[in-house]
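The values are calculated or read from the model by the stated rules, or taken from the named source; none is laboratory data. What you are looking at is a predicted structure, and each value in this text was computed from that prediction instead of being measured. All Cβ positions, glycine included, derive from the backbone under ideal geometry; neighbour counts span all protein chains shown. Quick note on the areas: whole protein, heavy atoms, side chains included, nothing else; ligands and nucleic acids left out. Shrake-Rupley method; radii C 1.70, N 1.55, O 1.52, S 1.80 Å.
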Amino acid sequence: PSGAVQQLLTCISTVSAPGSRVMFDFLNLSALSGEVWNPGFETLMLSVWNKGEVMYSGIDEQPEAVEKLLRLFGFHTHEVLSARDMVKRYMPHEQWVSRPPTVSPYFSYVCGEKL
């Protein structure tokens with residue numbers, strides 16, 4: 001992972017007791033690398049760039065890759081959710097649509113637990 005992500009997860013791990021949970025969203029590496037096309041991603045990147053920022057890194061959203069990443073910092077994966085999974089869980093009254101997406105499809109969500 002990028003240095004900033006590594007530093008952040010190290011700090012969180014250092015102050016976390018066993019059983020503590022960390023939850024965060026992240027940019028899917030497949031979207032950032034261009035492997036997968038998602039509607040609206042170009043607009044997001046342009047908007048960020050117009051503010052003088054750049055999206056430097058994403059995380060491989062495959063559950064095995066997230067587990068491998070979290071293990072480096074003393075966590076195990078409790079769950080990894082895609083945008084579609086988030087809609088199913090928290091917006092059951094909404095039907096998933098891809099244009100425009102109900103929730104930005106280029107982000108995933110993870111919950112990890114300190115070992």
Just give me the residues in the range 32-65 being among the charged types (D, E, K, R) and assigned to a loop (DSSP other than H, G, I, E, B), in sequence order.
Glu35, Lys51, Glu53, Asp60, Glu61
The condition of being acidic (Asp, Glu) and more than 26 Å from Leu115 (Cα to Cα) holds, among Glu67, Glu42, Glu79, Glu61, only for Glu42
Can you pull out the residues in the range 90-115 that are free of Cβ contacts under 8 Å to residues at least 24 places away in the same chain and either open to solvent by 70 Å² or more (accessible area, probe 1.4 Å) or within 30 Å of Arg71 (Cα to Cα) (or both)?
Tyr90, Pro92, His93, Glu94, Gln95, Val103
Could you check how many residues of the range 51-61 are without any contact (Cβ under 8 Å) to a residue 24 or more places away in the chain and either open to solvent by 90 Å² or more (accessible area, probe 1.4 Å) or in contact with a strand residue (DSSP E or B) (Cβ under 7 Å, 6 or more places away or on another chain) (or both)?
2
Residues of the range 64-80 being farther than 21 Å from Ala17 by Cα and open to solvent by 70 Å² or more (accessible area, probe 1.4 Å), which ones?
Glu64
Return a yes/no flag: does the range 30-50 have any residue that is out of contact with any Leu (no Cβ under 6 Å at 6 or more places or on another chain), open to solvent by 50 Å² or more (accessible area, probe 1.4 Å) and farther than 24 Å from Val97 by Cα.
yes
